[in-house]
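S.K.: Right, I'll just put the structure down here and ask away after.
The values are calculated or read from the model by the stated rules, or taken from the named source; none is laboratory data. This is a predicted model, so every value here is computed, not measured. Heads up, the Cβs are rebuilt from the backbone with ideal geometry, glycines too, and the neighbour counts pull from every protein chain shown.
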């Protein structure tokens, strides 16, 4: 039992050391992005009910290091500030699937080709979900309803009907003082303290689960009983749909599942559906874009994931799976890798401790 536990820890540590340098780089870049991106500018770009606003929402969302839960308040802020339902759905779909930290971590374990495919599918799913939500939203709007910034306004009397309601609408071009750009020290704090603290539990959980899968699940088990095709996709969908699986923490789990015999296409399905849909995201989408639009949102992501998984397995499935593991088995153990792993663990623990200490101080101040 003790030997089994040690083997799980060893396999988990091996995965963590592979990801460590890329994750630390990703956290740093995430902080710089927080400094470079102006929230007011983002909101101004997403208010149109058009393909252009959906494209912008997807492009803006892909590099943002926001997980399934942290994307919700940002999406709510965008929606409240005038973003269309389609743009909001695109942002909700594409953002949690990727992020600079997740992209670099995917490259560390899965290689450049798989990383490119993952980002491409996130982009496509963002556009398709946004377009379908936009389409269904337009069909649901009553003909006599006046729309300003995608908000339904129903005149209640003759005076209101004759009034210029557009003049009362907020000016999207006018900057808000509350949305000023983050300064550099705050941005670095976000990248090296806030973001690692947010990911601490889910990342450690994901790596430990991956270590358990690598240790306990025989290599031929999933390939024999589930393998490729719709069974693998169905398994990946059921496994990931209701759970909270962030884009970064899901990578070692997907890597371990491929090692246990799951096809790369099914692993891609897991990586797409898991971060983009869970009970928290679904309930938030229900509020932000409506019941029917949320159903379309979920269905579109599942369809895109299955099609992408099928195309991947049909074209590169076996060769991609073999190349992933031959590459990592060939890499020797180096002191540098362990140092990166120690640095990452130190960063995560320090960030988690700093954030919790700040929370305790605030709680004490509120009580007094």
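S.K.: Among the residues that make up the range 312-322, is at least one of them within 26 Å of residue 95 (Cβ to Cβ), modelled with pLDDT of 85 or more and either in a helix (DSSP H, G or I) or in contact with a helix residue (DSSP H, G or I) (Cβ under 9 Å, 6 or more places away or on another chain) (or both)?
M.R.: Yes, the conditions are met somewhere in the range 312-322.
S.K.: Residue 76 - would you say it is on the phi < 0 side of the Ramachandran plot, modelled with pLDDT of 75 or more and buried (at least 20 other Cβ atoms within 10 Å of the Cβ)?
M.R.: Answer is no for this residue.
S.K.: If the requirement is being over 17 Å from residue 274 (Cβ atoms), modelled with pLDDT of 85 or more and either crowded, with 24+ Cβ neighbours inside 10 Å or more than 13 Å from the chain's Cα centre (by Cα) (or both), which of these qualifies: 121, 133?
M.R.: Every option except 133 fails the conditions.
S.K.: How do the pairs read when you match residues in the range 275-304 that are on the phi > 0 side of the Ramachandran plot and at pLDDT 80 or above with residues anywhere that are part of a helix (DSSP H, G or I) and surrounded by 15 or more Cβ atoms within 10 Å (Cβ to Cβ), using Cβ under 9 Å and keeping only pairs 6 or more apart or on different chains?
M.R.: Partner pairs satisfying both residue conditions: 290/85; 290/133; 290/136; 290/137.
S.K.: Answer yes if at least one residue in the range 283-299 is surrounded by 18 or more Cβ atoms within 10 Å (Cβ to Cβ) and not in a helix (DSSP H, G or I), and no otherwise.
M.R.: no
S.K.: Can you tell me how many residues within the range 243-262 are assigned to a loop (DSSP other than H, G, I, E, B), buried (at least 24 other Cβ atoms within 10 Å of the Cβ) and either touching a strand residue (DSSP E or B) at 6+ places or on another chain (Cβ under 7 Å) or in contact (Cβ under 8 Å) with a residue 60 or more places away in the chain (or both)?
M.R.: Number of matching residues: 4.
S.K.: Further question: If only one of 222, 188 is in a helix (DSSP H, G or I), over 22 Å from residue 279 (Cα atoms), at pLDDT 70 or above and in contact with a helix residue (DSSP H, G or I) (Cβ under 8 Å, 6 or more places away or on another chain), which one is it?
M.R.: 188
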